[in-house]
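Q: Just passing along the structure, written as structure tokens.
No value in this document is a laboratory result; all are computed from the given coordinates. Quick caveat: nothing in here was measured; it's all calculated off a predicted structure. No Cβ is skipped: glycine too gets one built from the backbone with ideal geometry, and neighbour counts run over all protein chains shown.
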Amino acid sequence: MKLRRILALLLTALLCLCLTACGEKGPSYSPTKSPYAMKWECNAPQIAAENGEIHFYFMSGEGMNVNPENEKGQTEKWGDSCLVIFPDGKTMLIDGGFPIYAAVLTENLQRLGVTHLDYVVLSHSHNDHYGGLESPQGPIKVLGASHGFYSGRCAPACMSENGLTTQQLLAGDTVQLGEVKLTCLSPTQELLDNPAEKDPETATNNASMVLRIDYKEFSALFTGDIYKTMEQKLVTKYKDTGLMDVDLLKLPHHGDATSNTGTLADATTPKLAAATGALPLGTSLYFGFARYAHTVLHDAQDGYAHVWSDGESLEWETSRERTLDMYDAYDAFNADKKTPGCVD
């Protein structure tokens, strides 16, 4: 598969580039002018449809701190959310970040020309994933949505109370949306009914929806907040199916050390990985995926990340240059096998 990285530009140059590449702007709206909102502005659904591409916008708060002095001693950020745009222009939002991020998320979607969400996916019921979906300022309330996918024991209120038709996805379920196929790898009903962990937070994270997305020869895997134990179970379960081997991997649990084992990296062999987390990725963790991936995108360093594919090639851009060079050596590892412009 060919792979070409588009380096992040200065914000002013990037804005000009995006406006040029995106063609028409999206419909008019009243922005919050939040300093945490993305600077890109375009009609992304139109672009995807015209070019026959699938697009992923990994959201970011651009430095937004939700709870600077939490009990864990780390700075919590905006949460977790990704907009997926299908080759027919349909839109799917995976998670919605913290409630405090809702207005920024809605503005970002409007900047991208999204006027309505066709599909919403909730990976699991933690506040940093669903909070922005249930907020009055969030996209479900402001833009509206048609269909919701969830993996819990019952449909979340943010879907059922806002007129969405809902569908529970469990391991083995598939959904065909035009040329895009969704395959749920986890959880199972047995896991929901009889969680292996006594701690409720751990049990909820390990019951996250693990969702594979396929478009032609391109594949992506979204892993929610699963921990190492669940990674191992999934690798063992699917090792002979090829379902874990993907081009784009959304790192579990915000790229945290609770997850992201070398076993997962070896099973997925991603050409590009992305994480949305509160802290920079550990270098050993980063290296585990850089052995395969051209780079590991992380909002703490890269800001907003935009990834797209025509079903064969894989391209990306970020909203800012990295401020640290601590990962450069890892990105350069095995450079002969990861030549920019051509990675098979």
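Q: So which of K77/K198; K216/K271; K198/K228; K250/K271; K228/K250; K90/K181 end up more than 18 Å apart by C-alpha?
A: Values: K77/K198 27 Å; K216/K271 16 Å; K198/K228 16 Å; K250/K271 11 Å; K228/K250 15 Å; K90/K181 13 Å.
Result: K77/K198 exceed 18 Å.
Q: Oh, and also: Out of the GluC sites (Glu not before Pro) in the stretch 93-170, which ones are loop residues according to DSSP with at most 14 other C-beta atoms within 10 Å? Could the numbers behind the result be given before it?
A: Details: sites: E107, E134, E161; in loops: E161.
Answer by residue number: E161.
Q: Now, a different point. Ranking R291, R111, R320, R153 by Cβ neighbours within 10 Å, fewest first, what do you get?
A: Fewest-to-most ranking of R291, R111, R320, R153: R153, R291, R320, R111.
Q: Still on this structure, please answer the following. Work out, step by step, the length gained on full extension between M326 and N65: first 0.36 nm times the residue separation, then minus their alpha carbon distance; give nm to one decimal. The partial results should precede the final answer.
A: On the way: separation 261, 0.36 × 261 = 93.96 nm, distance 2.28 nm.
Taking M326 through N65 to full extension adds about 91.7 nm, to one decimal.
Q: Could I ask something else about it? Please work out how much length the chain gains when fully extended from L279 to K141, using 0.36 nm per residue of separation minus the C-alpha to C-alpha distance, in nm with one decimal. List each step's numbers first, then the result.
A: Numbers: separation 138, 0.36 × 138 = 49.68 nm, distance 3.06 nm.
Stretched fully, the L279-K141 segment lengthens by 46.6 nm.
Q: Can I ask one more? Using a 7 Å offset from the Cα along the Cα-to-Cβ direction at both K216 and E161, what is the distance between the two label points in nm, to one decimal?
A: For the pair K216/E161, the computed spacing is 4.3 nm.
Q: Can you grab the distance from the C-alpha centre of the stretch 287-337 to the C-alpha centre of the stretch 137-212, Å, no decimals?
A: 28
Q: Here's a follow-up. So for T236, T268, fewest C-beta neighbours within 10 Å to most, what's the order? Present the calculation step by step, with values, prior to reporting the outcome.
A: Numbers: T236 11, T268 25.
Taking fewest neighbouring Cβ atoms as first place, the list is T236, T268.
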